[in-house]
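Read through the structure below, which is laid out as structure tokens, and then see the notes.
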Amino acid sequence: MKHFLKGFVYAFRGIIFCVKEERNFRFHLGAAFHLFVYLPFFKVTRAETGVLVILCALVLALEAMNSAVERAVNCTGEYSQRAGAAKDMAAGAVLIAAIASVIGGVVILWQPDAFAAMGRFFVRHPAAILAEAVVLIVWITSMRNA
């Protein structure tokens, strides 16, 4: 049981490492954060919410795996076509998942009334605009510090 639980420690340490060190992981994490902050404006079923959670988790998991492949391949210090192909394939997997997630998100969230409700919310709550601006600045700044 001790070894099983220790596996969770390693896994969480890996996630924290991704957040601290991987710019693309932080980008995808920020996108997921914004999705779920604004999700209450949309009329979505529990099943649709589940699909959105799975899509976000898939992109984040593949981004972490891509980072792991890149770091493992870079350990050798020498260029190899096979190693380069492995890195490209891992990046391609992330791209496929990200494109599928965007398409799935558009299919589920294309609700003009929800976008209008968000606009009305920001007009009625100007402090929310400031809060969102701060969050966006922090998010964008985190993209540059990698």
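Selection of region 83-132 for residues being of a type in the set (Lys, Arg) and out of contact with any helix residue (DSSP H, G or I) (no Cβ under 9 Å at 6 or more places or on another chain) yields Arg120, Arg124. Based on this model, can you work out whether Ala32 counts as touching a Cys at 6+ places or on another chain (Cβ under 6 Å), part of a helix (DSSP H, G or I), surrounded by 12 or more Cβ atoms within 10 Å (Cβ to Cβ) and not aromatic (Phe, Trp, Tyr)? Criteria met by Ala32.
Scoring Met143 on the criteria (1) free of Cβ contacts under 8 Å to residues at least 40 places away in the same chain; (2) in contact with a Gly (Cβ under 9 Å, 6 or more places away or on another chain) leaves a single failure, condition (1). Here is a check on your reading of the model: is Val51 surrounded by 13 or more Cβ atoms within 10 Å (Cβ to Cβ), outside any helix (DSSP H, G or I), at negative phi and β-branched (Val, Ile, Thr)? So Val51 does not fit the description; no.
Residue check: is Leu5 touching a Gly at 6+ places or on another chain (Cβ under 8 Å) and either of a type outside the set (Ser, Thr, Tyr) or more than 19 Å from Gly105 (Cβ to Cβ) (or both)? Taking the combined requirement at face value, the residue does not satisfy it. Restricting attention to region 90-117, the residues that are farther than 30 Å from Glu63 by Cα and among the hydrophobic types (A, V, I, L, M, F, W, C) add up to 2. In region 104-123, the residues that are closer than 15 Å to Pro40 by Cβ form Cβ pairs under 7 Å with partners that are β-branched (Val, Ile, Thr) and surrounded by 15 or more Cβ atoms within 10 Å (Cβ to Cβ), at six or more places apart or across chains, as follows: Ile108/Val44; Ile108/Val51. Annotation for region 68-90: no member residue is part of a helix (DSSP H, G or I) and within 14 Å of the chain's Cα centre (by Cα).
Selection over region 70-108 of residues that are surrounded by 15 or more Cβ atoms within 10 Å (Cβ to Cβ), of a type in the set (Val, Ile, Thr) and modelled with pLDDT under 95 gives a count of 1. Looking at region 109-146 only, could you name the residues that are surrounded by 10 or more Cβ atoms within 10 Å (Cβ to Cβ), outside any helix (DSSP H, G or I) and not small (Gly, Ala, Ser)? Result: Trp110, Gln111, His125.
Report yes if some residue within region 40-57 is in contact (Cβ under 8 Å) with a residue 60 or more places away in the chain, farther than 24 Å from Thr141 by Cα and among the aliphatic types (A, V, I, L, M); otherwise report no. Yes, some residue in region 40-57 is in contact (Cβ under 8 Å) with a residue 60 or more places away in the chain, farther than 24 Å from Thr141 by Cα and among the aliphatic types (A, V, I, L, M). Is it the case that some residue within region 2-11 is within 28 Å of Ala131 (Cα to Cα) and either aliphatic (A, V, I, L, M) or touching a strand residue (DSSP E or B) at 6+ places or on another chain (Cβ under 6 Å) (or both)? No.
The values are calculated or read from the model by the stated rules, or taken from the named source; none is laboratory data. Predicted model only: the values in this text are computed from it and were never measured. Note: ideal-geometry Cβ built from the backbone for every residue, glycine included; neighbour counts use all protein chains shown.
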